[in-house]
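Comments concern the structure below.
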Amino acid sequence: FGIYVYQEQIMLLSQSIANFSKGEADVLRKAMGKKKKDVLDKMYPKFVEGGTANGHPEDKLGKIWKDWEAFASYAFNKSHSTCYALVAYHTAYLKAHYPAEYMASVLTHNKSDQTKMSFFLRECKRMEVKVLSPDINESQSEFSVNKKGAIRIGMTALKGVGEGPVEAILEARKEGPFASLFNLMQRVEPGSINKRVLEALVDAGGFDCFEEVHRAQYFAPSEKYDSYLEHVTKYANAYQAQLASAASSLFGAIQEEVLPVEPSPPDAQPFLLPEKLAREKDVTGVYVSGHPLDGYKLEIDNYVTCGLNDLSPQKYGRSTVKLAGMIVGARHMVSKNGNGWGIFELGDYDATIEFKLFGEDYQKYRHILNQGTALFLTATYRKKWNSEELELSISDVKLLEGVGREMTEAIILKLPLEDLTEKMVVSLDELCQRFQGQQKLRMVFYDREQDVKLKMFSLQRKVDADTDFIKGIDRLGITYRLKAGR
């Protein structure tokens, strides 16, 4: 119908109309695909010459060539488009029917790119596909899917853990699961796993399956060495050395009786959540078992107006935005004039942005600009000095901790009558007693069928505007909203 879609059509027509060879037709295709006007101009005389020799009018040939030049602006390669369509179909099918396996493969192929890793991990969360920390008894070399349909992080994805140690672990695991770290070190090839590999596995959660020992204990000093990890490594080496000696000795049976005994783990306090997550991120590149901002769900869900990845002057103009995040890096400096100023990087679940503070603003907030501090920022886009370009200007900085209590006047619970049971009432009462605070508690009972609402509040009962209270409300299946203070 005089409509061109694919470059291949032009290749065939050039051969048919003007006797182009297959090589010349391919040169024409490339010139069209890459918009090389000079190459097309050089080929035009050849096209006219061949076309007239085949009895085609020159004016018609000129019209065809002009159509082809216009077509070059949108032409695409049929073989490529067909392949892309087929790959798109395959990947869509796999993602729909084998979501865990598909995402495990995607994560494996992007494990060296932390930005893409974070993106795909968020996609796993959206798809409700669990991503679990590495497990010495379950993880493979790459990301894999366990029997329960959850993704396990591959051991080679950990910083400092190479393919050699992982191959040694997987080979030893063929005999069965490991019972402890000491059992692991007894069974692997001597010298295949060093202290650095063990530290990375501990920090990533690789030994959490050994429930009798928590992560901090592995780094605590033992009775003989600077850490339990070092103690176990020394004893395992001695154990294997004595086994090797016994195997070649006439007195092997006697020597087996004096083999080293597994050292007991030292007492230590478990890592606090921020340190646990920070160590986890250092070796995996991402937060897996949680996020430092998880404890601020109330503040982020109700008072943050913009995520860091969504921040742009085009979208927010000169409006005020409320931001929240964790400081992932901070630098305090002094200018040539002797004035202090600082740079800090704020990160949330999706992005990290750099901010600068000068003069009085820096002096006012510098005491809280430290790595690991969770902040709540109020900022507005303003014109840069002597420029039309907009930049984000911070007007207020607060600790994210306590913002909910400070900004919330009341918590309003919405309770449909058909869902109201004695069990829910008792559970709600216990929750309110456990989280007593300064915020008013209001309840709205409503009957969907009769379209009737009953509002109730108590002057005596007040609760704490705290994330744990809100999580308790969510577990009871109760919806809520906050009334902000004036």
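Subtracting the Cα-Cα distance from 0.36 nm times the residue separation, let me have the gained length for ASN54 to ARG126 in nm, one decimal.
19.8 nm
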Using only the heavy atoms of the protein chains and a 1.4 Å probe, how would TYR89, TYR44, TYR102 rank by accessible area, largest first?
TYR89, TYR44, TYR102
For the Cα atoms of the chain, what angle does the longest principal axis make with the long axis of helix 7-18, in degrees from 0 to 90, nearest 10?
10 degrees
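Name the shape class, rounded, prolate or oblate, that the alpha-carbon gyration tensor gives for the chain, where a ≥ b ≥ c are the square roots of its eigenvalues, rounded holds for a/c under 1.5, and otherwise prolate holds if a/b is larger than b/c and oblate otherwise.
Details: a/c = 2.01, a/b = 1.26, b/c = 1.59.
Oblate shape, in that a/c is at least 1.5 and b/c is the bigger or equal ratio.
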If each residue of separation counts as 0.36 nm, what is the full-extension length gain between GLU345 and ASP226 once their alpha-carbon separation is subtracted?
39.4 nm
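May I ask for the net charge around SER222, where only other residues with Cβ less than 10 Å from the Cβ of SER222 are counted and Lys, Arg are +1 while Asp, Glu are -1?
-1
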Can you give the convex hull volume per residue for the Cα atoms of region 314-467, as a whole number of Å³?
183 Å³
Leaving out ligands, DNA and RNA, what percent of the accessible area of region 316-412 is carbon and sulfur, probe 1.4 Å?
46 percent
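Tell me which trypsin sites (Lys or Arg not before Pro) from region 377-424 have a DSSP coil assignment and no more than 15 other beta carbons within 10 Å of their own. Walk me through the intermediate numbers first.
On the way: sites: ARG382, LYS383, LYS384, LYS398, ARG405, LYS414, LYS423; in loops: LYS384.
Listed in order of number, the matching sites are LYS384.
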Find out how many positive minus negative residues lie around ALA25, taking Lys and Arg as positive, Asp and Glu as negative, among other residues whose Cβ is under 14 Å from that of ALA25.
+2
Calculated FRET efficiency, ILE394 and VAL334, Cβ-Cβ r, R0 25 Å, to nearest 0.05?
0.80
Relative contact order %, the chain, counting alpha carbon pairs below 8 Å whose residues are six or more apart
8 percent
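If you filter region 255-320 for trypsin sites (Lys or Arg not before Pro), then keep DSSP loop positions with at most 13 other Cβ within 10 Å, what is left?
The qualifying sites are ARG318.
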Under 8 Å for C-alpha pairs, at least 6 residues apart: give me the relative contact order for region 11-65, rounded to a whole percent.
36 percent
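Dividing the Cα radius of gyration by the Kirkwood radius, what Rg/Rh value follows for region 99-227?
Result for region 99-227 is an Rg/Rh of 0.99.
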Distance from region 202-230 to region 111-169 (C-alpha centre basis), Å
21 Å
So if we plug the beta-carbon distance of SER312 and ASP267 into 1/(1 + (r/R0)^6) with R0 = 45 Å, what FRET efficiency do we get, rounded to 0.05?
0.30
Length gained, LYS34-ARG434, 0.36 nm per residue minus C-alpha separation, equals 137.2 nm
Per residue, how many Å² of accessible area does the chain show with a 1.4 Å probe?
58 Å²
Cβ neighbours within 10 Å, averaged per peptide: list 330-337, 73-80 in order, most packed at the top.
73-80, 330-337
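The values are calculated or read from the model by the stated rules, or taken from the named source; none is laboratory data. All values reported here derive from a predicted model rather than from experimental measurement. Cβ coordinates were reconstructed from backbone atoms using ideal geometry, including for glycine residues, and neighbour counts include every protein chain displayed. Remember, those area values only see protein heavy atoms, side chains included, never the ligands or the DNA or RNA. Shrake-Rupley method; radii C 1.70, N 1.55, O 1.52, S 1.80 Å.
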